[in-house]
Amino acid sequence: MKYVLISGGVVSGLGKGVTASSIGVVLKACGLRVTSIKIDPYLNIDAGTMSPFEHGEVFVLDDGGEVDLDLGNYERFLDVTLTKDNNITTGKIYQSVLEKERKGDYLGKTVQVVPHITDAIKDWIETVAVIPVDGKEGPADVCVIELGGTVGDIESMPFIEALRQLSFQVGPDNFCLIHVSLIPVLGVVGEQKTKPTQHSVRELRALGLTPHLLASRSAEPLLESTKEKLSQFCHVPVDNILNIHDVPNIWHIPLLLRNQNAHHSILQQLNLLSRATRPDLQQWTEMAESYDNLTESVRIAMVGKYVGLTDSYLSVVKALLHACVARSLKPSIDWIAASDLEDDSLKSTPEAHAAAWKTLKSAACVLVPGGFGDRGVRGMMLAAKYARENNVPYLGICLGMQISVIEFARSVLGWERANSVEFDAQTPNPVVVFMPEGSRTHMGSTMRLGSRRTLLQTPDCITSKLYGNSEYVDERHRHRYEVNPDVIGTLEEAGLKFVGKDETKKRMEILELPSHPFYVGVQFHPEFKSRPGRPSALFLGFILAATRKLEAYIGRHQNGN
């Protein structure tokens, strides 16, 4: 197995995840099979219990793993299906070591960070690296490992030591270290400064790891003099100093790396030049350049709780991008804080309330994504009601589906206090209830998680037609509440149709309003399986409906054109 390690220096948030994904894309374009691992040095077992404000979205895998959002980047860029073990955390490592210690596996030895924690890290990496993730048999050729955080963080020290040992163990031909660092420009001087990178590399070398390539992040392209200075003081050949400067969209980054011959430097370090081909990125180039040349856009109102940090809805944003690009459109997302739509906001912040409503009413479609907790719920209901009553295309995902059920029960059935028991435990009309197998004492990994099958109940519904008249779909879930099976009959009599159910037919997965151009709610998260060039069927339908082209599209595909 060949390993490419991506580390980061100076500051966090430099885009190590996109860099790692892009390197994977270029190596894959050279004819190699690629897998990836993300190391998160936090003590959490996984990302499942972390607030989106704290860490961005929680990405869900087929096997139910709740992982870092960078694994979403890997899956989208590399078109692979990863496992929860592809995300390593300090919590997972210590948990596995302590379980062994309790069982007596260490035969009375004193359990220490070195060698026991570091050995556990190496074993985990070597075990996961050989798991095929691209649908083919046998291990990949290259494993790209991203080390989260910044070099020098106390949390990442055991991982750096383990990776130092791994590099020595596998030998220089099987290990390539790429260090991502920042090249700032001070406003007063206007000069590209290399000192932060010098210090970062010095610290890395002091810990026993020497970078083979530098990936320098900057706003503008690096000057040759800057590259020469970096080469001199960081002991990295000038040809191995890559520059990842700001680009119009992130699909350009693999092209940027290809144009700087990053693949040649990596393949040379890994002794793979004889096995690799020239990188074929023609389709990728067309995708990146076509997006730059798009002129028409569609306005999408995103009504959520965590709109202050767009990474909270990263996969939804990417799925909208994939669907829009497929229709030669640019997504124009209007972020609306759900609480700004509420009546209380009219009194406390009237300007924000007026602006939120103006934005909602000027959008071509409305999307309410997932979330937890009761903040902003009334605002989401108002958005769902507005979309339902004004024939505006609506897509509700997870919580967004439950919101549409609550709003329908209140407005159409007249159940004024209809609610989810998550928001009102005493509601006389619980239309959304806690799942019977859920845990009320533990939060982590106690939800309905991962890929589950949804059976489509009728071919005569929008969802079935968008999914190609399939009898079922497999999509990823992340929820602990569901629509109350006891009220389904009443809701359907009033016009709300549940066109997708699980295999027991007791869990409602997809709802539609047949009298509406596009009013769809799904309990699962279709955004997690959307890919560039292969958008999610529901997101594509949503954008088609927003541009009034859904009927024509369905008509063409029904006729086999």
Self-check item: segment 100-144, residues that are open to solvent by 40 Å² or more (accessible area, probe 1.4 Å) and among the polar types (S, T, N, Q)
Solution: THR110, GLN112, THR127
Practice problem: Among the residues of segment 455-470, write down those that are open to solvent by 60 Å² or more (accessible area, probe 1.4 Å) and in contact with a strand residue (DSSP E or B) (Cβ under 6 Å, 6 or more places away or on another chain). | Solution: GLN457
Exercise. Taking only segment 471-526 into account, find how many residues are open to solvent by 40 Å² or more (accessible area, probe 1.4 Å) and among the polar types (S, T, N, Q).
Key: 3
Practice problem: Would you confirm whether any residue within segment 185-194 is open to solvent by 50 Å² or more (accessible area, probe 1.4 Å), at pLDDT below 95, basic (Lys, Arg) and over 14 Å from HIS235 (Cα atoms)? | Solution: yes
Quiz item: So which residues in segment 334-352 are open to solvent by less than 40 Å² (accessible area, probe 1.4 Å) and out of contact with any Asp or Glu (no Cβ under 6 Å at 6 or more places or on another chain), if there are any at all?
Solution: ASP334, ILE336, ALA337, ALA338, LEU341, GLU342, SER345
Quiz item: Of these, GLY8, GLY31, which one is among the small types (Gly, Ala, Ser), open to solvent by 40 Å² or more (accessible area, probe 1.4 Å), more than 15 Å from the chain's Cα centre (by Cα) and at pLDDT 90 or above?
Solution: GLY31
Exercise. State which residue is farthest from the chain's Cα centre (by Cα) when the search covers only segment 414-431 and only residues that are hydrophobic (A, V, I, L, M, F, W, C) and crowded, with 18+ Cβ neighbours inside 10 Å.
Key: TRP415
Quiz prompt | Failed item, numbered, when ASP62 is tested on (1) outside any helix (DSSP H, G or I); (2) buried (at least 21 other Cβ atoms within 10 Å of the Cβ); (3) in contact with a strand residue (DSSP E or B) (Cβ under 6 Å, 6 or more places away or on another chain) | solution = (2)
Practice problem: Please go through segment 143-167 and pick out each residue that is out of contact with any Lys or Arg (no Cβ under 9 Å at 6 or more places or on another chain), over 13 Å from LEU207 (Cα atoms) and part of a helix (DSSP H, G or I). | Solution: GLU155
Quiz item: Any idea which residue in segment 199-215 is most open to solvent (accessible area, probe 1.4 Å), counting only those that are over 21 Å from LEU256 (Cα atoms) and touching a strand residue (DSSP E or B) at 6+ places or on another chain (Cβ under 9 Å)?
Solution: THR210
Quiz item: Say we look at segment 152-182 and pick out the residues that are among the acidic types (Asp, Glu) and touching a Gly at 6+ places or on another chain (Cβ under 9 Å); which of these is most open to solvent (accessible area, probe 1.4 Å)?
Solution: GLU155
Quiz item: Here are some residues: PHE434, PHE423. Which one is over 26 Å from ASP311 (Cβ atoms) and in contact (Cβ under 8 Å) with a residue 12 or more places away in the chain?
Solution: PHE434
Self-check item: Failed criterion for SER156 (all others in (1) out of contact with any helix residue (DSSP H, G or I) (no Cβ under 8 Å at 6 or more places or on another chain); (2) under 26 Å from ALA29 (Cβ atoms) hold)
Solution: (2)
Practice problem: Kindly establish whether THR81 is in a loop (DSSP other than H, G, I, E, B) and either closer than 21 Å to GLY450 by Cβ or among the hydroxyl-bearing types (Ser, Thr, Tyr) (or both). | Solution: yes
Exercise. Just one of (1) under 30 Å from ALA425 (Cβ atoms); (2) buried (at least 20 other Cβ atoms within 10 Å of the Cβ) trips up ASP374, so point out which.
Key: (2)
Quiz item: Does PRO535 satisfy the condition of being open to solvent by 20 Å² or more (accessible area, probe 1.4 Å), more than 22 Å from LYS330 (Cα to Cα) and in contact (Cβ under 8 Å) with a residue 12 or more places away in the chain?
Solution: no
Quiz prompt | Subset of segment 223-255 [under 30 Å from SER290 (Cα atoms), buried (at least 19 other Cβ atoms within 10 Å of the Cβ) and out of contact with any Gly (no Cβ under 9 Å at 6 or more places or on another chain)] | solution = ASN240, ILE241, LEU242, ASN243, TRP251, HIS252, LEU255
Quiz item: When only residues in segment 286-311 that are among the hydroxyl-bearing types (Ser, Thr, Tyr) and touching a Leu at 6+ places or on another chain (Cβ under 9 Å) count, which is surrounded by the most Cβ atoms within 10 Å (Cβ to Cβ)?
Solution: TYR291
Quiz item: Of ALA383, ALA356, which residue is in a helix (DSSP H, G or I) and in contact with a Ser or Thr (Cβ under 8 Å, 6 or more places away or on another chain)?
Solution: ALA356
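The values are calculated or read from the model by the stated rules, or taken from the named source; none is laboratory data. No experiment lies behind these values; they were computed from the predicted model shown. Please note: Cβ atoms are built from the backbone with ideal geometry, for glycine as well, and neighbour counts cover all protein chains shown. We work out accessible area using only protein heavy atoms, side chains counted, and drop any ligands, DNA or RNA first. Shrake-Rupley method; radii C 1.70, N 1.55, O 1.52, S 1.80 Å.
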